[in-house]
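Trainee: Here's a structure for you.
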Amino acid sequence: GVGKTRLAQQFVQFLRERRLPYYVGRGQSYGKNMASLPIRSLMRDYSGIEDNDTGDAARAKIEERVRGLLAKYVEQRSEALAWFVGYPYKDAALDRLEPKARAQMVEASIIEILQTTAEKEGPLVLVMEDTHWYDPISLALIEQFSRSFEDYPILVQLLYRPEFDDPF
């Protein structure tokens, strides 16, 4: 290709050497048909969730991460993030919301979590790989995130093929 993967690897190495926080969201060739897959990937990385984690282990990692950041709404934010990344709580209040309200709760939770992370932990980098494979919902979320992050030390790096028609 054009070297975007190598560039991203070098940038991540630069961040790692300086101990700067970064999280990676990955696109997949089949991802255009899977809503929010790259954002879910990003938030799984953020939460430290591994592919072999059980549901209980994943929810515990999310709760620990969120509890370390937020003073209020810890349970609601943890529940929203767990639901979003695929580890919903049984009998969650989120399940009783209408889809639009649930989506708004999840978006608000992710934005608050990332903003608070940047405030408390310093500059934050979100590396969004293979953006050319993102679904429309993920692209819209990235645009919303970018607007929400204007006053925070957050860099959103988008990596995509040259033929991709950048919607931003």
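The values are calculated or read from the model by the stated rules, or taken from the named source; none is laboratory data. Since the model is a prediction, treat every value here as computed from it, not as a measurement. Glycine gets a Cβ as well: all are built from the backbone with ideal geometry, and neighbour counts include every protein chain shown. With ligands, DNA and RNA removed, areas are computed over all heavy atoms of the protein, side chains included. Shrake-Rupley method; radii C 1.70, N 1.55, O 1.52, S 1.80 Å.
Trainee: What pairs can you find where one residue is in region 90-109 and more than 18 Å from Ala35 (Cα to Cα) and at pLDDT 85 or above, the other is open to solvent by 40 Å² or more (accessible area, probe 1.4 Å) and part of a helix (DSSP H, G or I), and their Cβ atoms are less than 7 Å apart, with a gap of 6+ or different chains?
Mentor: Partner pairs satisfying both residue conditions: Leu97/Met105.
Let's see how each residue does on (1) open to solvent by 30 Å² or more (accessible area, probe 1.4 Å); (2) assigned to a helix (DSSP H, G or I); (3) within 22 Å of Tyr134 (Cα to Cα); (4) in contact with a strand residue (DSSP E or B) (Cβ under 9 Å, 6 or more places away or on another chain):
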| residue | (1), (2), (3), (4) |
| --- | --- |
| Arg6 | yes, yes, yes, no |
| Gln13 | yes, yes, no, no |
| Ile39 | no, yes, yes, yes |
| Tyr46 | no, yes, yes, yes |
| Glu50 | yes, no, yes, no |
| Lys72 | yes, no, no, no |
| Pro88 | yes, no, no, no |
| Ala103 | yes, yes, yes, no |
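Trainee: Okay, next question. Somewhere in region 18-33, is a residue in a helix (DSSP H, G or I), at pLDDT 90 or above and open to solvent by 20 Å² or more (accessible area, probe 1.4 Å)?
Mentor: no
Trainee: State which residue is most open to solvent (accessible area, probe 1.4 Å) when the search covers only region 52-70 and only residues that are assigned to a helix (DSSP H, G or I) and over 25 Å from Val12 (Cα atoms).
Mentor: Only one residue fits best here, namely Arg67.
Trainee: Another one. Quick one: would you say Trp83 is farther than 16 Å from Tyr22 by Cβ, touching a Lys or Arg at 6+ places or on another chain (Cβ under 8 Å) and at pLDDT 90 or above?
Mentor: The answer is yes for Trp83.
Trainee: Enumerate the pairs (first residue in region 46-60 and under 23 Å from Leu126 (Cα atoms); second residue anywhere and part of a helix (DSSP H, G or I) and among the basic types (Lys, Arg)) with beta-carbon separation below 6 Å, excluding pairs fewer than 6 apart on the same chain, so at least 6 apart or on different chains.
Mentor: Sorted first by the residue in region 46-60, then by its partner, the pairs are Ser47/Lys61; Ser47/Arg65; Gly48/Lys61; Ile49/Lys61.
Trainee: Answer yes or no as to whether Arg19 is of a type in the set (Lys, Arg) and on the phi > 0 side of the Ramachandran plot.
Mentor: Considered against the rule, which asks whether it is of a type in the set (Lys, Arg) and on the phi > 0 side of the Ramachandran plot, Arg19 comes out as yes.
Trainee: Moving on. Which numbered condition trips up Thr131, out of (1) open to solvent by less than 10 Å² (accessible area, probe 1.4 Å); (2) modelled with pLDDT of 90 or more?
Mentor: Every condition holds for Thr131 apart from (2).
Trainee: Scan (1) in contact (Cβ under 8 Å) with a residue 40 or more places away in the chain; (2) in contact with a strand residue (DSSP E or B) (Cβ under 6 Å, 6 or more places away or on another chain); (3) among the aliphatic types (A, V, I, L, M) for the single condition Leu158 breaks and write down its number.
Mentor: That leaves (1) as the condition not met.
Trainee: Follow-up question, since we're still on this one. Do we have Tyr160 as touching a helix residue (DSSP H, G or I) at 6+ places or on another chain (Cβ under 6 Å), closer than 24 Å to Glu64 by Cβ and open to solvent by 20 Å² or more (accessible area, probe 1.4 Å) here?
Mentor: For Tyr160, the condition - touching a helix residue (DSSP H, G or I) at 6+ places or on another chain (Cβ under 6 Å), closer than 24 Å to Glu64 by Cβ and open to solvent by 20 Å² or more (accessible area, probe 1.4 Å) - is not met.
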